[in-house]
Amino acid sequence: MEFTSDFLPRIEALKTALEEVESVLIGAGAGLSTSAGFIYSGERFEKHFSDFRVKYGITDMYSGGFYPFKTLEEFWAYWSRQIMINRYTDAPKPVYENLRKLVDGKDYFVLTTNVDHCFQKAGFDKTRLFYTQGDYGLWQCSIPCHDKTYDNEATVRKMVETQKDMRIPSDLIPYCPRCGKPMSMNLRSDSTFVEDEGWHKASERYGDFIATHKNKKILFLELGVGSNTPGIIKYPFWRMCADNPRSLYACINYGEAFCPDEISERSICIDGDIANVLSLLEKMRRL
């Protein structure tokens, strides 16, 4: 991708901001993982789920997660593949790694609605991350009868390896160890979502970070946040920037890079592919 003269000054401004601010609060949405190659439709979907498309008419990974499978064997055959390629497989592009390099040495924190664990795999400090919407790598009781979550990697790998005709062996179906009901994904899709101990500790650390950096020179860096859940990242970032005259707001998003007039003079909005922008910033950083 070639950047026009309209983009280059904004990228230079973001580079300067990253160098000069004392701290960075990263807000990451689905667009960040999409730019890293975690695409839920098209060629990647066809590669891993063409049999599900033919049999069930599923056309993309996201909608497939809501398909009313008749059996748990089918349900977990689908979900184990989804988890495997979007949680336990590395992203095709080094987008998260480039982002980490850009904030190395900074006092940073990450607030994200993504559930694919890419930040930790890229070397971000686990204590500086708050996954608000769950984690593909965790299961919970579907009721739920308690607020604990469970790592699923070992069982997911077995499900992927042993499934046949879009069904897993029945003895691999996960059940709650306390009440015996089926387990479900730890994803915020309805009122049953479990906020476990780790979730609450991360929430507290996020609150502490906000309180510590109130009225300080901070960059609110929003990456790939769409309009599905603006109340988690986008609106709070706008509000905090408006309340803090020493702060800056930056947004990189393909087709959705904008901000309110109230903070426009302290904002850098870049309408472009996040992967290309971060790659260029990383190259500029090393010059």
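FYI, it's all coordinate maths here, none of it is from the lab. This one's a predicted model, so the numbers in the text were calculated from it and none came from an experiment. Please note: Cβ atoms are built from the backbone with ideal geometry, for glycine as well, and neighbour counts cover all protein chains shown.
Observations
- Converting phi to 3J(HN,Hα) with the Karplus coefficients 6.51, -1.76 and 1.60 and the offset θ = phi - 60°, region 120-129 yields 5, 5, 8, x, 5, 5, 4, 6, 10, 10 Hz in sequence order, with x at every glycine or proline.
- Of the DSSP H helices in the chain, those whose Cα atoms cover at least 15 Å axially and whose Kyte score averages -0.5 or more: 8-20, 72-87, 274-286
- For region 51-129, size of Cβ-based charge dipole, Lys and Arg +1, Asp and Glu -1, in debye: 80
- C-alpha center-to-center spacing [region 17-87, region 121-182] in angstrom: 15
- For ILE268, the residues whose amide H sits under 5 Å from its own are TYR249, ALA250, CYS251, ignoring neighbours fewer than 5 places away on the same chain, with H placed 1.01 Å from N.
- Taking the helices alone, the chain has a mean residue ellipticity at 222 nm of -12000 deg cm²/dmol, built from -39,500 (n - 2.57) per DSSP H run of at least 4 residues and averaged over all its residues.
- Among LYS164, LYS217, LYS234, the residue with the largest mean-square fluctuation in a Gaussian network model of the chain, with springs joining Cα atoms closer than 10 Å, is LYS164.
- Candidates ASN228, TYR67, THR149 compared by Cα position along the dipole of the chain: farthest toward the positive end lies THR149, with charges placed on Cβ.
- Hydrodynamic analysis of the chain uses the Kirkwood radius over alpha carbon pairs. Inserted into Stokes-Einstein at 25 °C and 0.890 mPa s, it gives a translational diffusion coefficient of 121 µm²/s.
- Pairs of Cα atoms farther than 18 Å apart, region 42-146, %: 58
- Cα centroid separation - region 218-268 against region 89-113, whole Å: 18
- Legend: calculated FRET efficiency, ARG246 to SER203, from the Cβ-Cβ distance at R0 = 25 Å, rounded to 0.05, equals 0.50.
- Across region 182-193, coupling constants 3J(HN,Hα) worked out from phi with the 6.51/-1.76/1.60 Karplus curve, θ = phi - 60°, read x, 7, 9, 6, 8, 10, 7, 10, 7, 6, 8, 4 Hz, and Gly and Pro carry x.
- Between amide H atoms placed 1.01 Å from N, distances below 5 Å from VAL24 occur with ASP107, TYR108, PHE109, LEU219, all of them 5 or more places distant or on a separate chain.
- Pair-distance profile P(r), taking every C-alpha pair of region 201-264, with 10 angstrom steps and integer %: 20, 53, 25, 2
- Counting only residues at least eight positions apart within a chain, or on another chain, the lysines with an alpha carbon under 29 Å from that of LYS106 are LYS15, LYS93, LYS121, LYS126, LYS201, LYS214, LYS216, LYS217, LYS234, LYS283.
- Positive-end extreme of charge dipole, the chain - chosen from ALA28, TRP139, HIS48 (charges on Cβ): TRP139
- What the Cα atoms of region 149-264 give is an Rg and a Dmax of 20.7, 59 Å.
- Tail fraction, Cα-Cα pairs, region 1-101, threshold 21 Å, whole percent: 51
- In Hz, Karplus ³J(HN,Hα) per residue of region 266-273 (6.51, -1.76, 1.60; θ = phi - 60°; x = Gly, Pro): 10, 10, 10, 10, 10, 8, x, 6
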